[in-house]
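Report on the structure given below.
The values are calculated or read from the model by the stated rules, or taken from the named source; none is laboratory data. Since the model is a prediction, treat every value here as computed from it, not as a measurement. Cβ coordinates were reconstructed from backbone atoms using ideal geometry, including for glycine residues, and neighbour counts include every protein chain displayed. SASA here: full protein model, heavy atoms, side chains in, ligands and nucleic acids out. Shrake-Rupley method; radii C 1.70, N 1.55, O 1.52, S 1.80 Å.
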Amino acid sequence: MNPQKRGEIFRRLQAANPNPTIELEHSTPFELLVAVVLSAQATDKSVNLATRTLFPATPEKIARLDVAGIEPYIKSIGLYRTKARNVVALSKL
């Protein structure tokens with residue numbers, strides 16, 4: 001797809017919905033990133049339930065908790081072990 005066609009698609013989307021929202025609950029861009037990582041193969045509802053006890057979160061907090069510390073928070077979400085490793089790794093970056 002050429003750049004002009006991509007630009008036109010984005011213009012139309014913005015005109016149709018100038019203020020898009022999402023269902024994932026977050027207070028910061030970092031929390032949104034964590035929620036998006038956790039949402040793979042999961043519902044937004046299940047992610048919101050898990051992150052309500054995990055958030056507020058910072059990269060430092062997640063890195064300190066490490067994988068074993070994150071797992072209890074997100075155990076109700078599918079693939080939680082892999083997601084815990086990924087969330088800790090991105091937090092350390």
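Quick notes
- Number of the condition not met by residue 86 [criteria: (1) in a helix (DSSP H, G or I); (2) out of contact with any helix residue (DSSP H, G or I) (no Cβ under 8 Å at 6 or more places or on another chain); (3) of a type outside the set (Asp, Glu); (4) open to solvent by 40 Å² or more (accessible area, probe 1.4 Å)]: (2)
- A single entry from 40, 50 fulfils the requirement of being closer than 13 Å to residue 74 by Cα and surrounded by 14 or more Cβ atoms within 10 Å (Cβ to Cβ): 50.
- Listed by first and then second residue, the pairs linking a residue in segment 1-26 that is open to solvent by less than 90 Å² (accessible area, probe 1.4 Å) to a residue that is among the acidic types (Asp, Glu) and assigned to a helix (DSSP H, G or I), with Cβ atoms under 6 Å apart and 6 or more places separating them unless they lie on different chains, are 24/44.
- Per-region count, segment 72-83, residues open to solvent by 80 Å² or more (accessible area, probe 1.4 Å) and either in contact with a Phe, Trp or Tyr (Cβ under 6 Å, 6 or more places away or on another chain) or not small (Gly, Ala, Ser) (or both): 4
- Residue 69 vs. criteria surrounded by 10 or more Cβ atoms within 10 Å (Cβ to Cβ) and at pLDDT below 95: no
- Restricting segment 27-37 to residues that are surrounded by 13 or more Cβ atoms within 10 Å (Cβ to Cβ) and not aliphatic (A, V, I, L, M) leaves a set whose member that is farthest from residue 80 (Cα to Cα) is 30.
- The residues in segment 48-65 that are among the polar types (S, T, N, Q) and in contact with a Ser or Thr (Cβ under 9 Å, 6 or more places away or on another chain) can be counted, and the count is 1.
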